[in-house]
Amino acid sequence: MFKSKIAPSLLSCDFSKLKDEIKAVEKAGADLLHLDVMDGHFVPNLTIGPFIVEAIRRCTDLPLDAHLMIQYPDRYIKEFILAGANMVSFHVEVSINPKATIELIQKSKAKAGLALNPDTPISTIKDFLPLIDYVLVMSVHPGFAGQTFIESSLEKIIDLKKYRTVRKLSFEIEVDGGIKAANIGKTAKAGANIFVAGSGIFKTKDYGKTILQMRRDVNL
């Protein structure tokens with residue numbers, strides 16, 4: 001049985017009061033914080049680097065989940081972990097040697113994850129599923145916050161859960177993209193247990209009520 005975890009995505013918070021936003025979701029019951037790292041090459045947007053991750057680490061003791069949407073993840077993995085990231089995921093499309101990248105993350109004392117874009121089939125990562133700590137299923141196309149949930153991602157989550165059961169593996173399933181209180185329940189039913197929500201939390205009036213409702217829905 002995998003514990004359900006709510007992971008607010010800081011990309012959607014008000015960066016003019018970043019520390020206050022972190023403390024607010026922490027008080028509201030967040031289990032970890034999701035950090036979207038984009039380089040303007042793998043995805044058409046630029047966001048945060050290790051320096052900002054280090055600043056975030058000084059604001060909270062919550063686990064930090066860094067999603068590297070970058071062209072050359074191996075160059076920066078150690079920097080992000082030294083800055084305070086506890087979990088690091090990368091995209092199989094940009095790794096020359098995914099096994100080596102996974103080992104690099106884990107040897108650096110962080111959990112290793114592989115991220116799947118909506119158009120990337122599970123077959124591309126099956127060889128690595130026994131090695132990783134979690135799979136990040138993208139339920140939107142990566143690059144920008146506030147997109148609509150892609151329904152076909154549910155089948156990918158279902159298939160991953162079935163494969164994990166049959167193979168007796170232990171990776172967790174994380175889902176990211178368009179997650180809100182209105183749809184989080186069906187992703188939990190499909191098999192996800194880590195739920196990344198950006199605007200679904202930060203664009204609501206009461207973070208505590210939103211996270212409480214999400215937690216109720218994933219535990220139904």
_Option label - Cα extents along the principal axes in Å computed here, alternatives (1) 43, 39, 30; (2) 68, 32, 21; (3) 53, 38, 31_ = (1)
*Calculate the spin-label point distance for D127 paired with R75, positioning each point 7 Å from the Cα along the beta-carbon direction, and give it in nanometres.*
2.5
*Once you've got the GNM for the chain with C-alpha springs shorter than 10 Å, pick whichever of P142, P98, P121 has the biggest mean-square fluctuation.*
P121
*Mind checking which of I194, I52, I125 has the largest fluctuation in a GNM of the chain, springs on alpha carbons under 10 Å?*
I52
*Pairs K109/K162; K111/K168; K189/K209; K19/K156; K23/K156: which exceed 26 Å Cα-Cα?*
K109/K162; K19/K156; K23/K156
*Write out the trypsin sites (Lys or Arg not before Pro) in the stretch 76-121 meeting two conditions: DSSP loop, and at most 11 other Cβ atoms within 10 Å of their Cβ.*
K109
*What residues of the stretch 106-129 lie in the reach of a label at L169, counting those whose backbone N is under 20 Å from a point 7 Å from the Cα along Cα→Cβ?*
106-107, 110-129
*Where in the stretch 189-220 does the amide nitrogen come within less than 14 Å of the point 7 Å from the Cα of I158, taken along Cα to Cβ?*
189-192
*Residue of L136, L18, L116 that the Gaussian network model of the chain assigns the largest fluctuation, springs spanning Cα pairs under 10 Å*: L18
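Where a number appears in this text, it was derived from the coordinates with a stated rule and is not lab data. The structure presented is a predicted model; accordingly, all values stated were derived computationally and were not measured. Cβ coordinates were reconstructed from backbone atoms using ideal geometry, including for glycine residues, and neighbour counts include every protein chain displayed.
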